[in-house]
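*Asks:* Would you mind keeping the following structure in view while I ask a few things?
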Amino acid sequence: MSLFLSEIGRILNATVENFKEDILIESFSINSKDIRKNAMFIPLKGNRFDGHDFIDQAIDNGALCFLTQKDVIAKKDCPYLKVDDTLKAMQNLACAYREKRKDLVVIGITGSVGKTTTKEYIYNVLSTTYNTYKNQGNYNNHIGLPYSILNIPDKTEIAVLEMGMSNFGEISFLSKISKPDIGVITNIGVAHIENLKTRYNIFLAKSEIQDGMPSSSLLVINNDNDILHSHRNELKRRVVTIGIENDSDFMAKDIQKAANGFYFVVDSYKYFIETFNFHDIYNSLFAIAVGIILGIDREAIAQGIMKKDGLKRRFEVIKKGDITVIDDTYNASTHSMISAIDSVCNFEGKKILVLGDMLELGSLSEQEHRKVGSYIVTKPIDVVICTGQDAFYIFDQVRKNEKIKSYFVSKEECLDILQKELEGGSVVLFKASRGVKLDELVDNFLRGL
């Protein structure tokens, strides 16, 4: 994004102090250590830090100017703008830039699980034909999304933006800033049900993505998700569906498992994705749908979905000798737990699950953990190791099946159990919500192999 300093002053209705000559601002930073070319530094005040303490450091690292909500004396007579709230100012700047870039096509993605993987598939498909941008990592909230918009290069034709939430109103706010031309809802699960109480309420909260979308825009949804399938008629934008089971606009048929992925057919055209996770078929279907809507050649789409890189700790398959370790510790919900268990069943060898708590389930926590346990006993799993608090309910369901060895232990004891149960050719899945920090256990386990 490029804006002159004087233009930023007009947008924010703020006077530029220490103004000597106009400056073209080409990037924005909220990290004083990460100052890019011709950058404005935006210090944010958090609960445990205050970016205003690092203004001088940002200037030393090359910032041309900065915003502030405090009375500050910065070195070197650096230009700055005084505003009431630097976060709101950043959000207002992002709004103004989106309004300015009417030529920019925005794809907005939300859902209970699969947002980031779907974003990667869509980005890779669109990048075959268009100059495409995506928000990085987990920059998907009221701070990360406007920050990402401000750093969209001016030559970008399409921006693919992931949107996260934990309560009502949050997706609406992000949608009104980004104004998606195409919205994507990956699914409705039970993540954040502690705040929202019911899956229907989660549906309503995710549906807020429509609030900033033009009336002529499209909404692409997973038609196999029970809530989206049942309530699609309540959506206010034209709906395009993807699916495997229910009749949909873009359906994956003739699915065939390969050694390193899946083949499937959509509208008589054969695609291949390199993945061990069956659910990636759904994620790639969104990319196929969006690609075709935007006029991309099917061969280019096929090339785009083939090259998705693995995401750290999202069903990340790691080979250590003849042991396969699957690190899926980035997050967990009932839906993603079941999907991961299904995918593990496609591997050869002794199958070991190391499962921790699924967080933010509120009063449904016991029910949802027991649901996972009940599902496991229907699958060819050999060992289940549970750790945490509510993971006990997974264990409690599994231990009723004598064919599966089950343990409920502390996180520290997991490694000892693993060493006892591990044998050549074993497959070990680690999965829990991020707050459980099961990723630390994965790292320790890998170091010991």
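*Asks:* Calculate the dipole size of the chain relative to its Cα centre from +1 charges on Lys and Arg beta carbons and -1 charges on Asp and Glu beta carbons; express the result in debye to the nearest 20.
*Replies:* 240 debye
*Asks:* A follow-up question, please. Which pairs break 31 Å Cα to Cα here: K102/K253; K206/K431; K236/K431; K119/K400; K88/K115; K119/K270?
*Replies:* K102/K253; K236/K431; K119/K400
*Asks:* I would also like to ask the following. Sequence gap at least 6, Cα distance under 8 Å: using those rules, report the relative contact order of region 1-104 to the nearest whole percent.
*Replies:* 25 percent
*Asks:* Starting from the alpha-carbon convex hull of region 76-151, give the projected area averaged over all orientations, in nm².
*Replies:* Mean shadow area of the hull around the Cα atoms is 7.1 nm².
*Asks:* Positive end of the dipole of the chain, charges at C-beta (+1 Lys, Arg; -1 Asp, Glu), about the Cα centre: which of Y133, I301, G425 has its Cα farthest in that direction?
*Replies:* Farthest towards the positive pole: I301.
*Asks:* Could you tell me the largest-minus-smallest coordinate of the C-alpha atoms of region 1-129 on each of the three principal axes, in descending order and whole angstroms?
*Replies:* Cα spread of region 1-129 along its principal axes, largest to smallest: 47, 35, 25 Å.
*Asks:* Which aspartates and glutamates does K179 reach when only Cα atoms under 18 Å apart count, and residues fewer than 8 places away in its own chain are ignored?
*Replies:* Partners found: E99, D103, D154, E157, E162, E170, E208, D211.
*Asks:* Computed on alpha carbon atoms, what radius of gyration and Dmax characterise region 181-311, expressed in Å?
*Replies:* Just the Cα atoms of region 181-311 yield Rg and Dmax of 15.3, 44 Å.
*Asks:* Here's another thing I want to ask about it. What is the P(r) of region 171-223, as percent of Cα-Cα pairs per 5 Å bin from 0?
*Replies:* Reading the bins upward from 0: 5, 22, 27, 23, 16, 7, 1.
*Asks:* Hey, could you pull the Cα Rg and Dmax for region 265-368, both in Å?
*Replies:* That works out to 16.5, 48 Å for Rg and Dmax.
*Asks:* Run the accessible area of the chain with a 1.4 Å probe and give the carbon-and-sulfur part as a rounded percent.
*Replies:* Exposed carbon and sulfur together represent 46 percent of the surface.
*Asks:* Write down the Kirkwood hydrodynamic radius of the chain, to one decimal in angstroms, obtained as one divided by the mean of 1/r over all alpha carbon pairs.
*Replies:* Kirkwood radius, the chain: 23.6 Å.
*Asks:* Still on this structure: What does the helix-only formula give at 222 nm for the chain: each DSSP H stretch with n ≥ 4 adding -39500 (n - 2.57), the total divided by the residues, and the result rounded to the nearest 500 deg cm²/dmol?
*Replies:* Roughly -10000 deg cm²/dmol at 222 nm, from the helical runs in the chain.
*Asks:* Right, here's the next one. Once you've got the GNM for the chain with C-alpha springs shorter than 10 Å, pick whichever of E412, E274, E157 has the biggest mean-square fluctuation.
*Replies:* E412
*Asks:* For a quick protection proxy, order the peptides 8-21, 115-128 by their average other-Cβ count within 10 Å, most packed first.
*Replies:* My ranking of the peptides, most packed first, is 115-128, 8-21.
*Asks:* Quick check for you: with a 1.4 Å probe and neighbouring chains kept, what is the accessible area per residue of the chain, in Å²?
*Replies:* Result: 43 Å² per residue.
*Asks:* Just the Kirkwood number for region 323-449, please: inverse of mean 1/r across all distinct Cα pairs, in Å, one decimal.
*Replies:* Computed over Cα pairs of region 323-449, the Kirkwood hydrodynamic radius comes out at 14.1 Å.
*Asks:* Moving on to the next point. For the residue pair D254 and Q57, what label-to-label distance in nm results when each label sits 7 Å from Cα along the Cα-to-beta-carbon direction?
*Replies:* 5.8 nm
The values are calculated or read from the model by the stated rules, or taken from the named source; none is laboratory data. Predicted, not measured: the structure shown is a model, and the values here were computed from it. With ideal geometry, Cβ positions are generated from the backbone for all residues, glycine too; neighbour counts draw on all protein chains shown. SASA here: full protein model, heavy atoms, side chains in, ligands and nucleic acids out. Shrake-Rupley method; radii C 1.70, N 1.55, O 1.52, S 1.80 Å.
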